[in-house]
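Let me begin by presenting the structure, written as structure tokens, before commenting on it.
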Amino acid sequence: MNEITRANRQQYTVVVAMIDIDHFKKVNDTYGHAVGDVVIASVATLLRQRLRQTDIIGRYGGEEFLVVLPYCEAEDGWKKLENIREYFSRLRFRQGDIEFACTLSAGMVCSADVLDEERERLLVTADEALYRAKRGGRNQVCQ
Ligand SMILES: Nc1nc2c(ncn2[C@@H]2O[C@H](COP(=O)(O)OP(=O)(O)OP(=O)(O)O)[C@@H](O)[C@H]2O)c(=O)[nH]1
């Protein structure tokens, strides 16, 4: 998490977000692992298309992504993630004649909104927000 350390040192705000496809096990179980992989790849493409080149996008485990947005305020970060969430929910995937849709949940935190001593654990805080998004019904961005 060099970017977070740098942001703390140089005092610019950074948004950290965890993004997770909803009920993904069901996608695999219903349509197969290969189709699941297509869904994961589409999230990666969407993130690359909708975020800046200087933003950091990483795959964090199976169907989970971690993004770090340097020089980004909470409001702006939330809007970007909400836009990605909305767009993804409107995508349609196919397996033969069957068409289906997926949703994703995201948890985010902005470094400006946490105490100094908590800046090192932005990832944990973002993960807690993701948990709230899941518990709150999924297909939403929580901070
Ligand atoms: N197709 C595919 N599946 C993967 C990959 N990595 C992990 N998975 C699957 O992703 C699923 C993750 O499911 P869970 O974490 O249990 O949660 P979920 O079904 O997404 O439900 P919620 O996160 O609670 O909405 C598991 O079934 C994994 O096998 C991958 O690279 N490709």
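The values are calculated or read from the model by the stated rules, or taken from the named source; none is laboratory data. Source: prediction; values computed, not measured. Quick reminder, even Gly has a Cβ in these numbers, built from the backbone with ideal geometry, and neighbours come from all protein chains shown. SASA here: full protein model, heavy atoms, side chains in, ligands and nucleic acids out. Shrake-Rupley method; radii C 1.70, N 1.55, O 1.52, S 1.80 Å.
Name every residue in the range 120-132 that is open to solvent by 100 Å² or more (accessible area, probe 1.4 Å) and under 18 Å from Tyr12 (Cβ atoms), in order of residue number. Residue satisfying the conditions is Glu120 alone.
Report every pair of residues separated by at least 6 positions or lying on different chains whose Cβ atoms are under 6 Å apart, first residue within the range 31-46 and under 17 Å from Leu66 (Cα atoms) and within 8 Å of the ligand (Cβ to nearest atom), second modelled with pLDDT under 95 and not in a helix (DSSP H, G or I). Within 6 Å, the pairs are Ile40/Glu63.
In the condition set (1) touching a helix residue (DSSP H, G or I) at 6+ places or on another chain (Cβ under 8 Å); (2) closer than 18 Å to Asp127 by Cα; (3) free of Cβ contacts under 8 Å to residues at least 60 places away in the same chain, Tyr60 is compliant with all but (1). When the range 1-30 is filtered for residues that are in a helix (DSSP H, G or I), within 11 Å of the ligand (Cβ to nearest atom) and closer than 24 Å to Ala129 by Cα, the ones remaining, listed by number, are Phe24, Lys25, Lys26, Val27.
Tell me yes or no: at least one residue of the range 106-119 is assigned to a helix (DSSP H, G or I), open to solvent by 60 Å² or more (accessible area, probe 1.4 Å) and within 13 Å of the ligand (Cβ to nearest atom). No, because not a single residue in the range 106-119 is assigned to a helix (DSSP H, G or I), open to solvent by 60 Å² or more (accessible area, probe 1.4 Å) and within 13 Å of the ligand (Cβ to nearest atom).
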